[in-house]
Amino acid sequence: MKDSFNREINYLRISVTDRCNFRCQYCLPSEGVALLPREQILSYEEILEVARAAVEVGINKFRITGGEPLVRPGVVGFLERLINLTGVKRVSLTTNGYLLGEYAEELSRLNLGSINIGLNTLQEARFKQITGVSNNRLVLKGIKKLVEYGFERVKINTVLLKNVNEDEILDFARLTGKYPVSVRFIEFMPCGKWSENMDKVLMGDEIISVIEKGLGRLNPESGVPGDGPARYFKLPDAQGTLGFIMPVTNPFCNRCNRLRLTSDGLIKSCLLSTERVNIKPWVSDPSVNSGAEPAEAHQKLVEMLKNIITKKPYAHEGCRDIQMSKIGG
Ligand code: SAM
Ligand code: SF4
């Protein structure tokens, strides 16, 4: 269905947990972020009920994110059920990749749209500094396993921060020479506790220029499947592609196609807005919470989604008050 700015809303990003096995400082610092009580987290059945209602309003692409989705038990079975839901065209996954080695075989057998792996450094010491945990080899092994199992839609999402990991631009870009993966550079959005850190933003155009100087001309590449705002290029003779997502210097609100569901049942129609609608009473045992019969609750949910889409704001207001790990990026 279209929103009031004529944008087709066909994509829902679902955060299945606010928990994470990493503590990336800009996303989920080790102190000062309260985790949700477990009983507030939607069950898989409840999330599937939201997905059924979403399909009715024209949403047919889904991305599962977190926190870290692979830390939630049963996530593979849930992905399979979502993929098989009537009306669902594409289900993708975003993960930090730490547990990918364990899951790569199962995941590569699912008909997933893409698996996006957040990886901001290839250097072990720096990995520990950024994520709070050791052993980045686990992530790299997980990625290699996916490729070995023949999974073709691997995307590495790299957030570059000035004076933190900007010296690794060329190392990341070179990965596309070696492997048939897509490396996507995402501009850091100064949010939450980091909202004053505009000086950490490395602009997409700066990154492009470093790559072209170091490795040669980037040729525009069309036909990389995805639901988002990335612009894709390829280096000469590379196996994979390079993508650029520029929420800061080139906001894509005019093409926004998505809603978000947080793990505790709030729908957000804009990542960076603090507006949210609580749909939990209509999916969690509705007869107890809202007094409604299941069919009535389902219909109510559909109406709520239509209403949220109609009221989706055109653009965002900045992200001082948002917590990325709760929303899923
Ligand atoms: N844990 C998974 C991961 O790291 O990929 C999924 C959730 S994480 C919130 C999704 C993506 O959001 C990651 O690629 C992460 O780097 C990115 N992210 C988190 N905070 C961000 C920020 N302030 N600006 C840009 N990207 C951010
Ligand atoms: Fe966890 Fe992903 Fe946030 Fe890092 S970016 S803390 S891996 S949710």
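Remarks
- When the residues of the stretch 1-37 are filtered to those that are away from ligand 2 (no atom under 12 Å from the Cβ) and of a type in the set (V, I, T), the one that is farthest from L79 (Cα to Cα) is I9.
- The requirement of being at negative phi, surrounded by fewer than 16 Cβ atoms within 10 Å (Cβ to Cβ) and of a type in the set (G, A, S) is satisfied by A295.
- Checking K193, K213 one by one, the residue that is at pLDDT 95 or above and open to solvent by 50 Å² or more (accessible area, probe 1.4 Å) is K213 and no other.
- Each residue in the stretch 53-73 was checked for being in contact with a helix residue (DSSP H, G or I) (Cβ under 7 Å, 6 or more places away or on another chain) and more than 10 Å from ligand 1 (Cβ to nearest atom), and 5 pass.
- Against the criterion of being open to solvent by 40 Å² or more (accessible area, probe 1.4 Å), more than 18 Å from L266 (Cβ to Cβ) and polar (S, T, N, Q), S43 does not qualify.
- Residue match in the stretch 222-229 (condition: more than 20 Å from K144 (Cα to Cα), buried (at least 16 other Cβ atoms within 10 Å of the Cβ) and in contact with a Leu (Cβ under 7 Å, 6 or more places away or on another chain)): no
- Tabulated pairs, the stretch 20-39, first modelled with pLDDT of 90 or more, second aromatic (F, W, Y), C-beta under 9 angstrom, 6+ apart or interchain: N21/Y98; F22/Y98
- Which listed residue, of G132, G150, G97, G113, is crowded, with 22+ Cβ neighbours inside 10 Å and not aliphatic (A, V, I, L, M): G97
- Lone unmet requirement of (1) open to solvent by less than 60 Å² (accessible area, probe 1.4 Å); (2) more than 14 Å from ligand 2 (Cβ to nearest atom); (3) without any contact (Cβ under 8 Å) to a residue 60 or more places away in the chain for K144: (1)
- Scope the stretch 88-112; condition more than 15 Å from ligand 1 (Cβ to nearest atom) and polar (S, T, N, Q); matching residues: S108, N111
The values are calculated or read from the model by the stated rules, or taken from the named source; none is laboratory data. Not measured: the values here are computed from a predicted model. Heads up, the Cβs are rebuilt from the backbone with ideal geometry, glycines too, and the neighbour counts pull from every protein chain shown. Surface areas here come from the heavy atoms of the whole protein model, side chains and all, with no ligands, DNA or RNA. Shrake-Rupley method; radii C 1.70, N 1.55, O 1.52, S 1.80 Å.
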